[in-house]
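Colleague: Could you have a look at this structure, given as structure tokens, before my questions?
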Protein chains: 4
Amino acid sequence: MTVPPPELRPEIHRLRREVCALHAELVRWGLVTWTSGNISARVPGAELMVIKPSGVSYDELTPESMVLTDLHGRTVEGDHAPSSDTDAHGYVYRAMPHVGGVVHTHSPYATAWAARGEPIPCAITAMADEFGADIPVGPFALIGGDDIGKGVVATLSGHRSPAVLMRSHGVFTIGAGPKAAVKAAVMCEDVARTMHLALQHGPVPALAPEHVDALYDRYQNVYGQRPAAGRTPESEEDS
Amino acid sequence: MTVPPPELRPEIHRLRREVCALHAELVRWGLVTWTSGNISARVPGAELMVIKPSGVSYDELTPESMVLTDLHGRTVEGDHAPSSDTDAHGYVYRAMPHVGGVVHTHSPYATAWAARGEPIPCAITAMADEFGADIPVGPFALIGGDDIGKGVVATLSGHRSPAVLMRSHGVFTIGAGPKAAVKAAVMCEDVARTMHLALQHGPVPALAPEHVDALYDRYQNVYGQRPAAGRTPESEEDS
Amino acid sequence: MTVPPPELRPEIHRLRREVCALHAELVRWGLVTWTSGNISARVPGAELMVIKPSGVSYDELTPESMVLTDLHGRTVEGDHAPSSDTDAHGYVYRAMPHVGGVVHTHSPYATAWAARGEPIPCAITAMADEFGADIPVGPFALIGGDDIGKGVVATLSGHRSPAVLMRSHGVFTIGAGPKAAVKAAVMCEDVARTMHLALQHGPVPALAPEHVDALYDRYQNVYGQRPAAGRTPESEEDS
Amino acid sequence: MTVPPPELRPEIHRLRREVCALHAELVRWGLVTWTSGNISARVPGAELMVIKPSGVSYDELTPESMVLTDLHGRTVEGDHAPSSDTDAHGYVYRAMPHVGGVVHTHSPYATAWAARGEPIPCAITAMADEFGADIPVGPFALIGGDDIGKGVVATLSGHRSPAVLMRSHGVFTIGAGPKAAVKAAVMCEDVARTMHLALQHGPVPALAPEHVDALYDRYQNVYGQRPAAGRTPESEEDS
């Protein structure tokens with residue numbers, strides 16, 4: 001266990017608070033049961049991440065109980081064991097330098113699509129906005145080691161979607177920071193539910209590819225508030 | 001950006017508070033996910049409306065963060081960019097002078113009907129009361145410009161229903177004021193869900209047209225509290 | 001409008017508080033949307049009832065806003081118009097002297113069964129406990145006048161079930177007091193949902209009639225706390 | 001009614017508080033309606049258990065209202081009648097010495113599987129983790145006497161799953177302590193829902209038996225926080 005350099009202290013402190021607080025969003029939007037989902041954030045400029053402790057209930061999370069690990073999942077700082085999904089988070093950060101946040105859930109509608117191994121077809125505008133494509137299915141992989149991380153990276157590399165349905169398992173999402181990854185997880189469950197419901201009473205026409213492109217482009221570039229003096233891009237990314 | 005006349009100040013101030021507070025109803029009744037729905041109110045006697053800022057979460061909304069725009073969506077007053085659906089709201093106000101409130105959501109059951117492009121048949125009394133007819137489907141239209149607004153107006157003009165299911169997209173509702181439009185959005189999701197569930201186990205007989213007429217007439221004219229001294233029609237309209 | 005005798009004052013006061021408070025249970029258990037359900041209580045020993053005001057939201061209900069009417073729905077005391085379902089409540093009290101509470105909702109799963117006009121088959125023990133039989137379907141009836149009340153009474157007279165699914169409309173439940181009627185409404189939605197879900201993946205075997213009888217008898221006579229000194233039967237009936 | 005030995009007082013006091021508090025988890029995770037589920041804990045080193053009082057609402061539960069009974073369901077201490085399911089809880093403790101907690105619910109998705117008499121197939125990793133197998137179906141049994149307890153014990157003896165779907169009835173779960181049994185009940189409903197949803201749109205491939213074994217072994221032996229100085233195994237068992 002190596003000590004992180006002192007100049008990273010303020011950022012690590014901030015990320016402990018942010019990652020802790022974001023777990024409440026998983027509860028609020030119905031994405032997790034008991035202790036079943038987790039969030040991490042990369043520490044910018046270091047080979048480190050902040051992640052949920054394993055098996056601790058969401059009510060009991062504190063900034064101090066978040067675990068600081070290296071990108072191979074070895075604890076650098078923390079009294080708790082890190083999430084059992086730490087290996088997968090670390091692999092994603094090692095392979096995808098633009099990713100600053102990772103989320104994993106077993107949210108029910110999205111996991112139902114994952115259990116069938118079926119991508120969610122891009123057929124509503126909210127889905128085109130956020131995902132820009134079908135939400136793809138990744139391989140089945142056992143927990144422990146790099147297999148899940150490899151499956152996430154192989155599926156999402158070069159794909160517009162920040163969400164992947166890992167077969168027989170659940171959802172992984174990525175983002176420029178942890179809040180963007182949480183938003184992707186929340187919207188993934190939302191569209192998984194709407195498409196599930198829609199298909200229960202008949203076929204759902206897909207969106208035309210040019211409409212998907214137009215919606216995705218606009219949403220990524222026009223929606224929300226533009227950064228202004230005193231606001232960082234991170235705090236604006238999905239607001 | 002033109003300054004609104006001073007005599008409109010109290011009403012604009014009141015509408016900022018009302019529109020802000022009504023967004024909590026979208027959350028409470030499960031109509032929105034993350035930042036996905038928005039409400040606006042016309043400023044009576046002016047070519048102005050008050051609307052949600054784009055991409056700001058419901059927890060962070062304040063009366064001051066609501067945006068005052070003209071009916072072409074140009075900001076008149078406000079530190080935030082207005083909702084990305086502002087064009088559609090403005091078009092509705094320009095085309096439908098009796099409309100004082102507009103709501104847009106992607107509520108899940110109603111959006112499932114919209115994704116199939118299927119109207120919700122009027123087969124339960126709650127639906128006859130509020131909508132007086134099937135809830136109709138409007139055209140697919142891309143965001144930006146007047147296309148969505150035109151589709152909403154073309155579908156709802158001369159129709160009893162204050163709600164339209166925009167194809168592959170979601171719901172727009174109108175009302176004499178913003179609270180009535182919110183009520184229509186809440187009831188639209190309610191009947192969308194009940195009809196979805198009902199049809200999962202067999203056919204659902206439609207209501208006879210004369211029963212729909214009788215229920216609609218009674219609900220619009222008898223239900224609720226009658227205006228009395230000190231109460232405005234607006235505050236009573238859907239109480 | 002006649003003044004109720006002074007000796008009824010304490011009981012009317014108590015019932016205003018009880019009926020007001022019980023509406024929060026309709027919200028808590030997801031039985032109502034916007035202002036769509038209502039509860040009443042008979043004033044024992046008088047031709048009077050206490051009922052929800054029409055179209056007032058659940059958040060704004062106060063004991064004082066409850067309306068005291070006679071059993072023909074004429075206001076005896078209250079600043080608000082009584083529920084638009086007052087006629088039906090009053091008819092039930094006139095026709096069924098053992099009934100002390102009535103509840104009406106459009107709870108979604110139960111209303112889905114009502115929309116199809118299909119009774120809920122008694123196939124799980126919770127249903128045998130509370131209802132002792134299939135939950136029956138009553139006739140379609142228009143609001144206003146005695147038609148709904150007549151349909152409720154005709155269906156529930158001599159039936160074990162305290163709940164009826166009024167065709168194309170929703171649920172009415174009865175009880176010895178308002179809390180028992182609320183419990184029946186809550187359990188009706190619960191079993192409507194479980195049976196809806198169960199039947200989505202295959203047939204559900206009915207309970208044998210002798211098992212239904214045994215469960216119903218035990219639940220009505222053994223379950224819960226027995227009345228003791230200082231407790232009234234009403235407060236114990238469904239505890 | 002015999003008085004428990006004084007040395008058990010602190011543990012009984014602690015269990016009254018724990019069992020009372022755990023009922024809030026049944027409410028939070030949507031497992032219970034009105035008063036329909038119950039939790040008990042064995043008093044270690046005695047032929048005693050602490051269990052919910054019959055028919056008392058979850059809001060009104062206090063540590064003092066929990067009932068202390070022997071393992072034949074006879075009240076040892078308490079002002080209330082114990083849960084009507086006390087016989088079943090006691091039978092499980094008598095027959096399964098390693099069990100320290102029992103939970104019973106009618107949670108909707110799991111009860112839907114029970115109503116059809118259909119085991120939940122082990123096809124998602126969360127299910128392999130917690131249950132290590134299909135969730136099995138137990139026999140139909142009437143309440144009162146030992147029949148339900150016998151069915152629970154016969155089904156779960158030698159089975160990895162801590163949950164059984166009692167036919168036409170609901171769920172019983174067991175655990176080393178009451179918190180583990182509550183977790184099993186929560187996860188049972190979660191996987192019952194996900195598998196219900198998944199199967200609505202097509203077949204769901206089962207997990208390979210060797211994958212189920214690997215996941216179950218890892219979860220039972222690696223997941224969560226390891227006991228450390230000042231932590232008891234019980235408080236850690238499912239954290």
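The values are calculated or read from the model by the stated rules, or taken from the named source; none is laboratory data. All of these numbers come straight from a predicted model, not from anything done at the bench. So basically every Cβ, Gly included, is an ideal-geometry build from the backbone, and we count neighbours across all protein chains shown.
Colleague: Kindly check whether there is at least one residue in the range A:39-52 that is at pLDDT 95 or above and within 11 Å of another protein chain (Cβ to nearest Cβ).
Modeller: No: the range A:39-52 contains no residue that is at pLDDT 95 or above and within 11 Å of another protein chain (Cβ to nearest Cβ).
Colleague: Taking A:Gly175 and the conditions (1) within 14 Å of chain B (Cβ to nearest Cβ); (2) over 12 Å from the mean Cα position of the chain (by Cα), which numbered condition does it fall short on, given that it satisfies the others?
Modeller: (2)
Colleague: So which of C:Val191, C:Val186 ends up being within 10 Å of another protein chain (Cβ to nearest Cβ) and under 10 Å from the mean Cα position of the chain (by Cα)?
Modeller: The unique qualifying residue is C:Val186.
Colleague: Restricting to the range C:186-226, name every residue that is of a type in the set (Val, Ile, Thr) and farther than 29 Å from D:Pro82 by Cβ.
Modeller: Within the range C:186-226, C:Val204 is the sole residue that qualifies.
Colleague: Right, here's the next one. Could you tell me which residue of the range A:210-225 is surrounded by the fewest Cβ atoms within 10 Å (Cβ to Cβ), considering only residues that are free of Cβ contacts under 8 Å to residues at least 24 places away in the same chain and either outside any helix (DSSP H, G or I) or in contact with a helix residue (DSSP H, G or I) (Cβ under 7 Å, 6 or more places away or on another chain) (or both)?
Modeller: Per the stated criteria, the residue is A:Val222.
Colleague: Restricting attention to the range D:158-177, which residues are surrounded by fewer than 20 Cβ atoms within 10 Å (Cβ to Cβ) and either in contact (Cβ under 8 Å) with a residue 60 or more places away in the chain or on the phi > 0 side of the Ramachandran plot (or both)?
Modeller: The answer is D:Gly158, D:Ala176.
Colleague: While we're looking at this one, here's another question. In the range B:216-239, which residues are modelled with pLDDT of 75 or more and within 7 Å of chain C (Cβ to nearest Cβ)?
Modeller: B:Arg218
Yes/no matrix, rows are residues, columns are (1) touching a Ser or Thr at 6+ places or on another chain (Cβ under 7 Å); (2) surrounded by fewer than 23 Cβ atoms within 10 Å (Cβ to Cβ):
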residue: C:Pro5; (1), (2): no, yes
residue: C:His13; (1), (2): no, yes
residue: C:Glu18; (1), (2): no, yes
residue: C:Ala21; (1), (2): no, yes
residue: C:Arg28; (1), (2): no, yes
residue: C:His104; (1), (2): no, no
residue: C:Pro108; (1), (2): yes, no
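Colleague: Exactly one of these conditions fails for D:Gly90: (1) surrounded by fewer than 24 Cβ atoms within 10 Å (Cβ to Cβ); (2) more than 9 Å from every other protein chain (Cβ to nearest Cβ); (3) more than 22 Å from D:Gly30 (Cα to Cα). Give me its number.
Modeller: Exception for D:Gly90: condition (1).
Colleague: Anything in the range C:35-60 that is over 19 Å from C:Glu7 (Cβ atoms) and surrounded by fewer than 19 Cβ atoms within 10 Å (Cβ to Cβ)? List them, or say none.
Modeller: Within the range C:35-60, C:Ser57, C:Tyr58, C:Asp59, C:Glu60 meet the criteria.
Colleague: Which condition number in (1) surrounded by fewer than 23 Cβ atoms within 10 Å (Cβ to Cβ); (2) within 27 Å of B:Thr125 (Cβ to Cβ); (3) in contact (Cβ under 8 Å) with a residue 60 or more places away in the chain is the one that C:His80 fails?
Modeller: Among (1) surrounded by fewer than 23 Cβ atoms within 10 Å (Cβ to Cβ); (2) within 27 Å of B:Thr125 (Cβ to Cβ); (3) in contact (Cβ under 8 Å) with a residue 60 or more places away in the chain, the lone unmet condition for C:His80 is (3).
Colleague: Go through D:Ser36, D:Ser83, D:Ser65, D:Ser107 for me and flag whichever is among the polar types (S, T, N, Q), more than 20 Å from C:Asp129 (Cβ to Cβ) and within 11 Å of chain C (Cβ to nearest Cβ).
Modeller: D:Ser65
Colleague: A further question on this structure: Give all pairs with beta carbons closer than 8 Å in which a residue from the range A:16-31 that is more than 14 Å from A:Asp190 (Cα to Cα) and in contact (Cβ under 8 Å) with a residue 40 or more places away in the chain meets a residue that is of a type outside the set (Phe, Trp, Tyr) and part of a loop (DSSP other than H, G, I, E, B); count only pairs at least 6 apart in sequence or on separate chains.
Modeller: Close Cβ pairs (under 8 Å, with a partner that is of a type outside the set (Phe, Trp, Tyr) and part of a loop (DSSP other than H, G, I, E, B)) amount to A:Arg16/A:Met66; A:Val19/A:Lys52; A:Val19/A:Met66; A:Cys20/A:Leu61; A:Cys20/A:Thr62; A:Cys20/A:Met66.
Colleague: Of the numbered conditions (1) more than 9 Å from every other protein chain (Cβ to nearest Cβ); (2) at pLDDT below 95, B:Ala181 fails exactly one; give the number of that condition.
Modeller: The single condition B:Ala181 does not satisfy is (2).
Colleague: Only residues that are of a type in the set (A, V, I, L, M, F, W, C) and either more than 14 Å from chain A (Cβ to nearest Cβ) or crowded, with 18+ Cβ neighbours inside 10 Å (or both): list them for the range B:139-149, please.
Modeller: Matches in the range B:139-149: B:Phe140, B:Ala141, B:Ile143, B:Ile148.
This table checks each residue for (1) over 28 Å from B:Gly202 (Cα atoms); (2) touching an Asp or Glu at 6+ places or on another chain (Cβ under 7 Å).
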residue	(1), (2)
C:Thr173	no, no
C:Lys179	yes, yes
C:Cys188	no, no
C:Arg193	no, no
C:Val204	no, no
C:Pro209	no, no
C:Ala214	yes, no
C:Tyr219	yes, yes
C:Val222	yes, no
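Colleague: Consider the range C:85-107. How many of its residues are closer than 15 Å to C:Pro53 by Cα and among the aliphatic types (A, V, I, L, M)?
Modeller: 3
Colleague: Go over the candidates D:Val182, D:Val152 one by one and state the one that is among the aliphatic types (A, V, I, L, M), crowded, with 22+ Cβ neighbours inside 10 Å and under 26 Å from C:Arg218 (Cβ atoms). Talk me through it step by step, then tell me what you get.
Modeller: Details: D:Val182 fails: under 26 Å from C:Arg218 (Cβ atoms).
Just one listed residue meets the conditions, D:Val152.
Colleague: Continuing with this model, one more query. More than 10 Å from the chain's Cα centre (by Cα), facing chain D (nearest Cβ under 10 Å) and among the aliphatic types (A, V, I, L, M): which single residue out of C:Leu197, C:Leu156, C:Leu165 fits that description? Before you say what the answer is, go through the steps one by one.
Modeller: Working: C:Leu156 fails: facing chain D (nearest Cβ under 10 Å); C:Leu165 fails: facing chain D (nearest Cβ under 10 Å).
Every option except C:Leu197 fails the conditions.
Colleague: Against the definition (farther than 20 Å from C:Trp34 by Cα, modelled with pLDDT of 95 or more and in contact with a strand residue (DSSP E or B) (Cβ under 6 Å, 6 or more places away or on another chain)), how does B:Gly101 come out, yes or no? It would help to see each step written out before you state the result.
Modeller: Values: farther than 20 Å from C:Trp34 by Cα: no; modelled with pLDDT of 95 or more: yes; in contact with a strand residue (DSSP E or B) (Cβ under 6 Å, 6 or more places away or on another chain): yes.
The answer is no for B:Gly101.
Colleague: Turning to a different aspect of this structure: Among the residues of the range A:164-172, is any out of contact with any Ser or Thr (no Cβ under 7 Å at 6 or more places or on another chain) and among the small types (Gly, Ala, Ser)?
Modeller: Filtering the range A:164-172 for residues out of contact with any Ser or Thr (no Cβ under 7 Å at 6 or more places or on another chain) gives A:165-167, A:172.
Narrowing the set further to residues that are among the small types (Gly, Ala, Ser) leaves none.
No - not one qualifying residue is present in the range A:164-172.
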